1. Which value in nm describes the separation of the simple spin-label points at Glu98 and Met159, placed 7 Å from the Cα toward the beta carbon?
2. Would you pull out the residues with amide H under 5 Å of Leu161's amide H, same chain only if 5 or more places away, H placed 1.01 Å from N?
3. If you find the alpha carbon centre of segment 55-96 and of segment 110-128, how far apart are they in angstrom?
4. Per residue and in cubic angstrom, what volume does the convex hull of the Cα atoms of the chain have?
5. Output the Kirkwood hydrodynamic radius of segment 90-142, Cα pairs only, in Å rounded to one decimal.
6. Could you work out how much longer the chain between Glu63 and Ser129 gets when fully extended? Use 0.36 nm per residue separation minus the Cα distance between them, nm to one decimal.
7. Given a 1.4 Å probe and the protein chains all in place, what does the accessible area of Leu17 round to, in Å² to the nearest 10?
8. Using r as the Cβ-Cβ distance of Met138 and Leu35, and R0 as 30 Å, what FRET efficiency do you calculate, to the nearest 0.05?
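The values are calculated or read from the model by the stated rules, or taken from the named source; none is laboratory data. Remember, it's a predicted structure, so these values are computed and weren't measured experimentally. Note: ideal-geometry Cβ built from the backbone for every residue, glycine included; neighbour counts use all protein chains shown. The accessibility values were calculated without ligands, DNA or RNA, using every heavy atom of the protein model including side chains. Shrake-Rupley method; radii C 1.70, N 1.55, O 1.52, S 1.80 Å.
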Amino acid sequence: GENKAGPTTQTLNAQGLPVERVDLVGISGCRSLDLVHWEPMGVVLEPEPNIRNLDLHPSLVRERPKVVFHQATGTFVMWVHIDRPDYKLAAAGVAVSERPEGPFRYLGSTRPQGRDSRDQTVFVDDDGSAYHFASTDMNATTLVTRLTDDYRAMSDESMVLFPDRHMEAHASTLALGRY
């Protein structure tokens with residue numbers, strides 16, 4: 001998850017109102033065999049403090065990281081919400097690692113189908129196909145985009161679900177069934 005052990009700063013949110021933000025010192029990982037007992041793995045995706053406009057700068061936003069295992073390549077693929085403090089970028093970033101404890105190597109960010117990507121999750125189906133679920137249209141709609149075969153990029157295949165429902169926390173969306 002987000003490791004917010006950095007300094008607190010003041011910035012403006014999407015509505016132009018002042019808010020306090022805590023700089024991220026990276027994405028921390030944890031693992032569990034039973035979903036009850038968890039083992040912390042430390043920071044698995046480091047920030048890039050020397051490059052101000054890079055997605056990984058500590059002052060920028062990285063939220064809701066999700067990691068899936070790609071069986072064919074033996075790699076772990078992380079998708080994470082990437083944003084600016086005003087939340088106007090709203091992109092999805094991707095990183096890869098050969099080990100769950102990292103280090104993860106950041107590959108970059110994208111906006112699925114050119115749309116904003118906010119609260120998000122990743123789902124791997126029984127056939128090995130992977131999908132990125134995201135709140136889009138300022139959280140008004142859910143966009144599901146099929147990932148490429150290596151899970152490292154988004155394909156051109158997508159579907160809009162739940163238009164005008166204003167949903168977040170898409171892990172619960174997956175319980176509704178297959179689409």
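1. With each label placed 7 Å out from Cα toward Cβ, I get 3.7 nm.
2. Thr142, Leu143, Val144
3. One Cα centre to the other: 11 Å.
4. Dividing the Cα hull volume of the chain by its residues yields 128 Å³.
5. Final number for the Kirkwood radius of segment 90-142 is 12.4 Å.
6. This chain segment gains 21.4 nm when fully extended.
7. 100
8. 0.40
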